[in-house]
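Okay, so here's the structure we're looking at.
The values are calculated or read from the model by the stated rules, or taken from the named source; none is laboratory data. All figures in this text were calculated on a predicted structure; none of them were measured in a lab. Here the Cβ positions follow ideal geometry from the backbone for every residue, glycine too, while neighbour counts run over all protein chains shown. Surface areas here come from the heavy atoms of the whole protein model, side chains and all, with no ligands, DNA or RNA. Shrake-Rupley method; radii C 1.70, N 1.55, O 1.52, S 1.80 Å.
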Amino acid sequence: MITVDFSSPEALDVQLVGGKTLGLARMTQEGLSVAPGFAVTTDAHRAFLEGSGINERIGEILLSHDLSDQEQLIVVARLIEREFSAATVADDIADAIGLRYRELGDRLGIGDVSVAVRSSATAEDTAESSFAGEYETFLGIVGVDDVVEHVKRCWGSAFTPHALTYALDRELSPLEVSMAVVVQKTVKARSSGVMFTVSPSTGDRSRIVIEASWGVGLAVVGGEVSPDRFAIDKINFGVIEKKLGDKRIEYVDGHTSRAVDDERVARFCLTDDEAIAIARLGKVLEKLHKAPQDIEFAVDREVPGPDNIMLLQCRPETVWVAKQAESRTASIPLMDRITSNVFGVATGAIPTGKRSSLPEGHTHG
Amino acid sequence: MADTRFPFFREWPPPAGAEDWASMYPYFTTAQPEGKDVEDARLWFADTMHWSRAVHPLDSIGAEAVYLGAGQSSARIFALPTSLGLDMRIVNGYVYISPTGVTDPDRINERLAHFQERAGYYYANWDILYSQWKDKMLELVKRMRAITFPALAEYEPLEVVTEARGRSTAWDLISGYHELIEEFFLAWQHHFEFLNLGYGGYITFFQTCKQFFPEITDQSVARMVAGVDVLAFRPDNELRGLARTAVDSGVADVIVEMRDPDAVAAALDATPAGRDWLAKLEKAKDPWFNYFAEYGFLHDQDTWLTDPKIPFDGIIRYIGMLREGEDITRDVDSLRDERDEIVDEYRSLLSPDEQAQFDEMLGLARNVFPFIEEHNIYVEHWTHSAFFDKIRELAKVVTDAGFLLDPEDIFYLNRFELDEALNDLVAAHAIGVAPRGAQKWQAEVERRRVIMSALRAAPALPALGTPPDEITDPFAIMNYGVTTDRIRDWLGAGGSDGDRLTGAAAAPGVVEGPARIILTEKDLPSLQPGEILVAPITAPSWGSGFSIAAAVVTDIGGMMCHAAIVCREYGLPAVVGTGFATSRITTGQRIRVDGGAGQVVLA
């Protein structure tokens, strides 16, 4: 199986479609608003690596260099990149991708539909390790040939110096990385951003934090703007806090950025209602995945609200999940808890005399 | 420019005409030269929550009893590891208190062991002990009510002879007075049997929530614990029920038109439906109208019995709401469902281990919380109303004997002076001579009347003395809202500049509207729908006022003060503990209350 639509049952097989597709497929199949698309499977990836012979050549390159040496690693990456440029995608794979791409366009009534092409590795985006940002994403890709070309580039992105280092640090062989690729309709984003279903600063699980700016999400992810920030109460969906960012540029597509006029710089790029609607989606996703999530979204400028919110990707939040697992301790006896909480007096091995921090709004400083 | 300290006691001049105020109170309740250095070095904040006005000499017994009970419980009975209770001084007629702490680590450790054993016993047996406590309090009130003060007769009743009592009934004036005082002090010791432990249980749940959800708001925590069906809501529920019966049985028109309780009673007595309603009213009175319209620490605060206009105004307000088609029933079931839903939501975000801890702490908090919500009914409302009733019975005997000119004058004598006066009176009566002190006390009462009215015309300063670097006393924080931040605000905002007041975020919501300053319950009828109620402190008994106010702002109080608890219950935005609201805001001024942020912005 070379391609799998988000709506098909096979799209829930993470070994076949990778973590990113799995998230999108789950969301699609739950009826959540996700831009439509398909995955190029790990089968296709393997068929390409083996069929083109590139696998063996990469193996040789890796074996003949000292990968612990950063300079050699860069050379390795460049050699592999050259191999990828030279390799061709076999016709059966390219045709299957083309067929699915044209189907997507037909379904949307758009001839050459603009799509995002991005990696969806199986080792990526697990709760324990995040390859977030290690692999490539290409936006605004149009036409069969370009789509196939960028699928190949995604496959190649497992061998950038950065991705190689990341994999080696975690004792993963870059050759074992099994990578699917997501091909998804480009969202015409008026605003976009990321959402954490846990407070990134405190790990509070009853908070959803949204960061967003104008245009497509590259400016937020790439740190080129300081985004608007919304903190939403996950229980009763009130906006607890919002902070206006400084969003001086916006991307109109995957490549082009432009200045944002003063009026829009001074205005929140999401309404409160939009922020709350996004947060509600976040809570649904968290329940679906049974763990805090890190979610990318966009507000489509062509679709009227409230259907204008598009989920772009969803993956497990990793930082706080790990910290909470670490800090989870045996339960404290009731009276010890009372004395330590009320009087700031610790019992047992912990030194005494330490003051407790008092409830919010009651603390010093 | 922010100051680093508040005025010392001696730097706060008494108002003109009140220079000799200190002579009215027991010496140990006022500053004495030998305590000056210690007093200067500490922070004293005004307990205007309990004594919103300057206290009459006899009313100062409340300040004595409260802080004796609090101290004994904290320091000696339960050995709170870091807290020895609160020191108390009367300054310019107002009650000021100062937390006393333990800082020596060895002593804290020693106390810790005692605390764990002693408090642990109470937590483990809470239900049975609390149930015993209620009986104990009911017995106490009953004993108080049974005290009698017979008139001083020319001849003792014959039974004194036939029953061979060997003792004069005139002695009852003295023994009954002593008994009354003892019962009052006992009630306040009982009061603290559970209060600190109750707060402790609540704070622990609070901190557990903060540990699991670092950004959780105070209100969310409070909503998970709030009792929905506790005694505290009974008096107000009685008024709602009376309003509904009045509308259903067609007597509402008479009540609304005549307003005056006596006139209403006379008119309703003429019809069967009217008589039924009056019977229902009568039934509600005992015990629910033994209910102070304010906190009940001052003798001149009314109860619903001493001023029936207050509950009648409430009934009339509820009749109006019913006629507007509003549903005034407190829907206990849906309140409980809402509370449980919030709990489930937070709980579902936790791991199984954490859920077990959360459940344990929530269980504890819910177990102890009814006491926090209900104890006022037993102590302040029932005990104090019995106490003041009995003092007035005594006053009548004293006045009838010609010792004082007006029964209310008795409140101008402090409890020791009254004891002396009673001894004078009884001794003089025994041998048929004039008491030595009638003229002295009558003149003194006149002199003190001038002092009291001058003291009451001047507002309290929120705090005196030198603040510590950090306020750590958990009860000063939870109950009074006195935090390190608040002290800083008070120091910075002592003047009339600035357009912003900060307090504790007691109940969420943002409201803008005209303010109405309510200094006592007597002002309450002037409150108009949609106005923001601004008071030194509100009392739980202002229920019908809460149902028309748009928001509440108070001078004092913390997250757990009654004003905060009740506002959360009524869903009213509230900022408590602002320090200066009643002196900085004027009636009619537009203000914006942000109950979630604890901010009040003055237009």
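How large is the convex hull of the Cα atoms of region A:3-185 per residue, expressed in Å³ as a whole number?
103 Å³
Report, in debye and to the nearest 20, how large the dipole of region B:498-602 comes out about its Cα centre when Lys and Arg carry +1 and Asp and Glu carry -1 on their Cβ.
It comes to approximately 100 debye.
The amide H of A:Thr3, built 1.01 Å from its N in the peptide plane, has A:Thr41 as neighbours under 5 Å, considering only residues 5 or more places off or on other chains. Carbon-plus-sulfur accessible fraction, region B:335-376 (probe radius 1.4 Å, protein heavy atoms only): 43%. Counting only alpha carbon atoms, the long axis of helix A:54-63 and the longest principal axis of chain A meet at about 60°. Calculated on the Cα set of region B:16-108, radius of gyration then Dmax: 14.3, 50 Å. Within the accessible area of region B:231-332, the carbon and sulfur atoms contribute 50%, probe 1.4 Å, all protein chains present. Along the charge dipole of the protein assembly as shown, pointing to its positive end and built from +1/-1 on Cβ of Lys, Arg, Asp and Glu, which listed residue (B:Thr472, B:Leu268, B:Ser73) has its Cα farthest out? Of B:Thr472, B:Leu268, B:Ser73, it is B:Leu268.
Accessible area ranking (1.4 Å probe, heavy atoms, ligands and nucleic acids excluded), largest first, for B:Arg456, B:Arg89: B:Arg456, B:Arg89. Note on surface exposure: B:His299, A:His289, A:His255 rank A:His255, A:His289, B:His299 by accessible area, highest first, 1.4 Å probe. Modelled spin-label separation between A:Asn55 and A:Ser226, with each label point placed 7 Å from Cα along the Cα-to-Cβ direction: 5.0 nm.
Modelled this way, with points 7 Å down the Cα-to-C-beta line, the labels at A:Lys323 and A:Asp253 are 4.0 nm from one another. In whole angstrom, note down how far apart the Cα centers of region A:51-116 and region B:22-96 are. Taking the Cα centre of each part, region A:51-116 and region B:22-96 sit 81 Å apart. In this structure, the pairs whose alpha-carbon distance is over 28 Å, taken from A:Lys185/A:Lys287; B:Lys134/B:Lys522; B:Lys142/B:Lys396, are B:Lys134/B:Lys522.
Taking all Cα-Cα distances within region B:231-332, those exceeding 24 Å account for 20%. Comparing Cα centroids, region A:168-229 and region B:228-244 end up 53 angstrom apart. By the rule of a C-alpha distance below 14 Å, with chain neighbours fewer than 8 residues away ignored, the aspartates and glutamates paired with B:Lys210 are A:Asp204, A:Glu360, B:Asp218, B:Glu354. Under the rule a/c < 1.5 gives rounded, and otherwise a/b versus b/c splits prolate from oblate, where does region A:130-256 land using the Cα gyration tensor? It comes out oblate by the Cα gyration axes. Would the protein assembly as shown count as rounded, prolate or oblate if I go by the C-alpha gyration tensor, calling it rounded below 1.5 in a/c and otherwise prolate when a/b exceeds b/c, oblate otherwise? Since a/c reaches 1.5 and a/b is larger than b/c, the shape of the protein assembly as shown is classed as prolate.
Entry note, the protein assembly as shown: the mean residue ellipticity at 222 nm calculated from DSSP H runs of n ≥ 4, each adding -39500 (n - 2.57), is -14500 deg cm²/dmol after division by the residues and rounding to the nearest 500. Taken across both chains, chains A and B shield about 4200 Å² of accessible surface from a 1.4 Å probe. The calculated FRET efficiency for the pair B:Arg259 and A:Asp69, based on their C-beta separation and a Förster distance of 56 Å, comes to about 0.05. Rounded to two decimals, the Cα radius of gyration of chain B over 2.2 N^0.38 Å is 1.00. Our note on the geometry: Cα centres of region B:146-163 and region B:367-410, 24 Å apart. Heavy-atom accessible area for B:Phe213, with the other protein chains in place and a 1.4 Å probe, reaches approximately 0 Å².
In this Cβ point-charge picture (+1 for Lys and Arg, -1 for Asp and Glu), the protein assembly as shown has a dipole of about 1000 debye about its Cα centre.
Among the residues of region B:113-136, those with an accessible-area drop of 30 Å² or more from chain alone to full protein complex, heavy atoms and 1.4 Å probe, are B:Phe115, B:Gln116, B:Tyr123.
The mean number of partner chain beta-carbon atoms within 10 angstrom of a residue's beta-carbon across peptide B:208-220 is 6.
Label zone (A:Glu149, point 7 Å along Cα-to-C-beta; backbone nitrogen cut-off 16 Å) within region A:98-122: A:98, A:113-118.
Out of the total accessible area of region A:77-207 (probe 1.4 Å, heavy atoms of protein only), what percent is carbon and sulfur? Carbon plus sulfur share of accessible area: 48 percent. At a Förster radius of 35 Å, what calculated FRET efficiency corresponds to the Cβ-Cβ distance of B:Ser175 and B:Ala443, to the nearest 0.05? Calculated value: 0.80.
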